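Readers should treat all values here as calculations from the given coordinates under stated rules, not as data from a laboratory. Here the structure is a predicted model, which means the values were calculated and not measured. Cβ coordinates were reconstructed from backbone atoms using ideal geometry, including for glycine residues, and neighbour counts include every protein chain displayed.
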Amino acid sequence: MAAVRDGFVGSHEGQIHFLTAGHGDPLVLLPHGGRSAQMYGGLIPILAQHRRVIALDPPGTGESYLPDGRRSIPELAETLHAAARKVAKSRYTLYGMNGGNKLGAAMAAAHPEAIDGFIFAGLTHSIVLSNSAREVTLGRHPAVRLLLDADNRDDAWRRDFCRAVIDYDLETALRSLTVPLAVLEFATEEEDERIGRQGEALAAELGAAAASVIELSAGDPVSLEDRPDELAYAIRMLSDAMSHT
C-alpha cells in the first residue's frame, strides 16, 4: 500500500489541508458535506496503487481554514480548484460525493481546461437533476432537517454549507459540462421507495460516459468507509470509461 502523507496549500482566505499518496495521473477526491478527507482514509491507499490521489479538506472541515461567514458553492469551488491545481500541478480527474458533488460540478463547469473528467457521486436524494425536485428530496432528508432546525453555534458552518448546497443551481452546472462525466449512485431501500433511482436516467439525460450503482444496507456508512475496495473498483471503472470518451 502506498504511504499517505498530508500537507497544506495556501489560498486567498487561508490554508487548505490535503492528503495524498501514489504517483501518476492525479485524482482529486471531495468528501460529502461537513466531512473531511479523513473519510477516504481507507480508500486513498487502494486507489494510489494506480494513480496519484489527492483528497481535500473543504473550507470549514478537517484542518482547513474556517470561513468567516457564508460562502456560495461557486466561491468554495474556486478555492478548492486553486488548491487542487497547486497540489496536482497538472490536469486532474475529479470525484465528489453528496455535498462534494456540488463543489465538483462547480469546479468542472468553471474549469474544463483543467479537468479530465468528473465522477458525480451521491445518495439518490443528492443526485436528482431538477433543482426544484432536489430541493424537496434534500430539504426533507431527516439529517438535513435536523441540522437546519438546530441552533447550535458549533454547527453554524455546516448549516451555512447545507443552505449553500440547497441554493446551488446544480442543474445548470451539470447541463453545461463539457468534460467527460460519470455517475455513481449510492442506493438505499428507503430512497428506492421514496424517490426511485436516478443514476441511469441522469446519465442518459446528460450523455455521461458511464453510470454505476452501489447498494447500501441499513446502517452502512454512506461514504463506504467499510467497503473501500468496492468503492475503489467503481471509481477506477468509471475513470476508465471517461478516459475513452
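Find the relative contact order for the chain and round it to a whole percent, using C-alpha pairs within less than 8 Å whose residues are 6+ positions apart.
Contact order relative to length: 19 percent.
Restrict the search to segment 79-137; then list the trypsin sites (Lys or Arg not before Pro) that DSSP places in a loop and that have at most 12 other Cβ atoms within 10 Å of their Cβ. Display every interim value, and only then the final one.
Details: sites: Arg85, Lys86, Lys89, Arg91, Lys102, Arg134; in loops: Lys89, Arg91.
Passing both the DSSP loop test and the Cβ count: Lys89.
In 10 Å bins starting at zero, report the fraction of Cα pairs in segment 77-116 per bin as a rounded %.
32, 62, 6
Quick check: residue separation of Ser132 and Ser243 times 0.36 nm, minus the Cα distance between them. What number comes out in nm?
Residue separation times 0.36 nm, minus the Cα-Cα distance, leaves 36.7 nm.
Name the long-range amide H neighbours of Ala211: under 5 Å, sequence gap of 5 or more, or other chain; modelled H, no Pro or chain starts.
Val183
Rank Gly42, Gly33, Gly99 by mean-square fluctuation in a GNM of the chain with C-alpha springs under 10 angstrom and give only the top-ranked residue.
Gly42
Work out the charge dipole of segment 1-67 with +1 on the Cβ of Lys and Arg and -1 on the Cβ of Asp and Glu about the Cα centre, then indicate which of Ser36, Pro59, Ile16 is farthest towards its positive end.
Farthest along the dipole direction, towards plus: Ser36.
For Leu123, list long-range residues whose amide hydrogen, built 1.01 Å from N in the peptide plane, is under 5 Å from its own amide hydrogen.
Asn98, Phe186
How long is segment 1-64 along each principal axis, judged by its Cα atoms, biggest number first, in Å?
33, 20, 16
Taking just the C-alpha trace of the chain, give me its Rg and Dmax in Å.
16.5, 48
Let's see if you can work this out: charge +1 on each Lys and Arg Cβ, -1 on each Asp and Glu Cβ, no other charges. What is the dipole magnitude of segment 181-245 about its Cα centre, in debye to the nearest 20?
With only Lys, Arg, Asp and Glu charged at Cβ, the dipole is about 360 debye.
For the chain, modelled as a GNM with alpha-carbon contacts under 10 angstrom, which of Gly207, Gly117, Gly104 fluctuates the most?
Gly207
Kirkwood Rh, Cα Rg: Rg to Rh for segment 184-245? Mind dumping the intermediate values first?
Values: Rg = 12.6 Å, Rh = 12.6 Å.
Rounded to two decimals, Rg over Rh is 1.00.
Of Ser36, Ser64, Ser130, which has the largest mean-square fluctuation in a 10 Å C-alpha GNM of the chain?
Checking each option, the largest mean-square fluctuation is seen for Ser130.
Each residue of segment 238-245 in turn: what ³J(HN,Hα) in whole Hz from Karplus with 6.51, -1.76, 1.60 and θ = phi - 60°, glycine and Pro shown as x?
Once rounded to whole Hz, the list reads 5, 4, 4, 5, 5, 5, 9, 8.
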